[in-house]
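FYI, it's all coordinate maths here, none of it is from the lab. Treat the numbers as computed from the prediction; the structure is a model and nothing was measured. Positions of Cβ are backbone-derived with ideal geometry, glycine not excepted, and every protein chain shown enters the neighbour counts.
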Amino acid sequence: FFKVVVATMSGYGFWALLAHAIPALKFGVYGTFQGDRLSGSLQSANTAGTLFAASFILALCLVFEASRHASAERGSWLAKVTVPIIATALLGTCLILTVSRGASTAALVSCVILLIWEMFSRDWHGIKKHNLYYCLAIAVGVVILAWSGDLLLDRYAASFKDWIDQRQSIYGVHWDAFLASPWFGYGIGSFDEVNKLLQTALNVPVLWNIRAAHNVYLQWLEQAGIAGTVPMFVCIWFVIGRTAWGV
């Protein structure tokens, strides 16, 4: 399953890269409305960033799996890890080009957790002492990949405070909207309409061009209310709880 997902996303990522560089390859789908940000066939570069971030972590897992099952011979090791490393680099490049701060931060945190876990948790057929070297090498690769994304770094550095202030304004307005109809919300898919109704002379610079609340939990609360959101929360916590119990 991991291999199928990573292979499929690598194919999609390869097309997204080509379409990003050659707009004629987009075949009429979305992808250029956010300037230099890669979005593939999706209507939001942040959505594409989330997709590529998750796929990047899965590809990174495949690198470890390939290393764990490879023999000690260098040729065998290279033969097994080359394709997963290429997939990881491809998906990581797509992630960086989406210039999504939230997706990149989530991917970085996930990488740290995964690398720490792999460093101490497995035997790797008697070569556990090499785990640290593998993890450090991959960590260096991730840092180099991130550092090469100067557009992303500039977006972090230049607009972090404005980003925080803007998001807080969005959250405040839509939290008040949720409180006005807390139990059943305004209906699934109603964000655009509600957002237009909430615009005033004071908040229009922040709200006029957004298509989402940039907080999935708040947006679900606003659209589905408590009655529709509780099942989602229960499902998420069930998955997290089962995973933690399994560990």
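Starting at the first residue of the range 174-181, write each ³J(HN,Hα) from the Karplus equation 6.51 cos²θ - 1.76 cosθ + 1.60 with θ = phi - 60°, in whole Hz, x for Gly and Pro.
My calculation for the range 174-181 gives 7, 5, 5, 5, 4, 5, 6, 8 Hz in order.
Show me 186-199, 80-93 ranked by packing, highest mean number of other Cβ atoms within 10 Å first.
80-93, 186-199
For SER41 and VAL230, compute 0.36 nm times the residue count separating them, minus their Cα-Cα distance, and round to one decimal in nm.
Going from the current span to full extension adds 65.0 nm.
Would you kindly state how much longer the chain becomes between LEU18 and ASP165 on full extension, computed as 0.36 nm times their sequence separation minus their alpha carbon distance, in nm to one decimal?
Here the segment from LEU18 to ASP165 would lengthen by 49.4 nm.
Once both labels are modelled 7 Å past Cα along the beta-carbon direction, what's the SER121-VAL247 spacing in nm?
0.7 nm
Pulled fully out, how much extra length does the chain show between ALA89 and VAL4, if you take 0.36 nm times their separation in residues and subtract their Cα-Cα distance?
Separation in residues times 0.36 nm, less the Cα-Cα distance, equals 28.9 nm.
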